[in-house]
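**Student:** Questions regarding the structure given below will be posed in turn.
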Amino acid sequence: MSVKAIRPGYHGDMKDTVDKFHGQQLLGLGWDQHLMYAAPMCIPVPPDMPFEALVEQVLPQLYGQHPDFDQIEWGRVQWIKAGEAFTPDLAKSLKDNGVGHKDLLRFRTPGLQGLAGIGF
C-alpha cells in the first residue's frame, strides 16, 4: 500500500508486516449481505491452514451465532478475493490458494440475504 507522507523523505516502519505475527498472517473475512456484522473481521491465521479448516473451524466461531449460518450451503458459496470471483481448493492451504497477509476474503451465500432478508 502506498503512503503519502506529509514530510518529504519520511520513511516509517510498517508495524503490521507479516514478520511481526509469529508465523501467522492477517486475514480479513466478510459475509456479504449480513449486516449483523458491520465490517469484515480481521484474524491471525497460519498460512499453511487448509482452506477447508477455515470453512469448518474458523467461520463457525466467527459467524455461528447468526441465525442463517446453519443454513449455508457451502457448495454454493461464492467467494470473492481482491474484488474478483475466487474458487478456492478446499484441500490446499491458504498460501497455496494465493491468500496472503492482509488479504480480504468475502463470501456470498445464495438464498440467504441477511437477517430476515434485509441484506442488499
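**Student:** Could you tell me which of the residues Gly75, Gly98 is surrounded by fewer than 17 Cβ atoms within 10 Å (Cβ to Cβ), over 24 Å from Asp16 (Cβ atoms) and out of contact with any helix residue (DSSP H, G or I) (no Cβ under 8 Å at 6 or more places or on another chain)?
**Tutor:** Gly75
**Student:** Something else now. Is it the case, given these coordinates, that Gly12 is assigned to a loop (DSSP other than H, G, I, E, B) and closer than 18 Å to Asn97 by Cα?
**Tutor:** Criteria not met by Gly12.
**Student:** Any chance you could count how many residues in segment 76-118 are of a type in the set (Gly, Ala, Ser) and closer than 15 Å to Val45 by Cβ?
**Tutor:** Our first condition is that a residue be of a type in the set (Gly, Ala, Ser); within segment 76-118, this holds for 82-83, 85, 91, 93, 98, 100, 111, 114, 116-117.
This time we only want the ones that are closer than 15 Å to Val45 by Cβ, so: 93, 98, 100.
Residues flagged as of a type in the set (Gly, Ala, Ser) and closer than 15 Å to Val45 by Cβ within segment 76-118 amount to 3.
**Student:** In segment 13-35, how many residues are farther than 24 Å from Pro60 by Cβ and either of a type outside the set (D, E, K, R) or touching a Gly at 6+ places or on another chain (Cβ under 8 Å) (or both)?
**Tutor:** Counting residues in segment 13-35 that are farther than 24 Å from Pro60 by Cβ and either of a type outside the set (D, E, K, R) or touching a Gly at 6+ places or on another chain (Cβ under 8 Å) (or both) gives 4.
**Student:** Here's another thing I want to ask about it. Identify the single condition in (1) over 17 Å from Gly23 (Cα atoms); (2) in contact with a strand residue (DSSP E or B) (Cβ under 9 Å, 6 or more places away or on another chain) that Pro44 does not satisfy, given that it satisfies every other one.
**Tutor:** Result: Pro44 fails condition (1) only.
**Student:** If the Cβ limit is 9 Å and pairs must be 6+ apart or interchain, which residue in segment 60-73 that is within 9 Å of Thr109 (Cα to Cα) pairs with which residue that is aromatic (Phe, Trp, Tyr) and part of a helix (DSSP H, G or I)?
**Tutor:** Qualifying pairs under 9 Å: Ile72/Tyr63.
**Student:** Run down Asp19, Asp70 and say which single residue is over 16 Å from Gln113 (Cα atoms) and among the charged types (D, E, K, R).
**Tutor:** Asp19
Every residue, every condition in (1) closer than 16 Å to Gly114 by Cβ; (2) loosely packed, with under 10 Cβ neighbours inside 10 Å; (3) modelled with pLDDT under 95, yes or no:
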position	(1), (2), (3)
Gly23	no, no, yes
His34	yes, no, yes
Met49	no, no, no
Gln57	no, no, no
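The values are calculated or read from the model by the stated rules, or taken from the named source; none is laboratory data. Please read these numbers as outputs of a predicted model, since none were measured by experiment. Methodologically, a virtual Cβ is constructed for each residue, glycine included, from the backbone with ideal geometry; neighbour enumeration extends over all protein chains shown.
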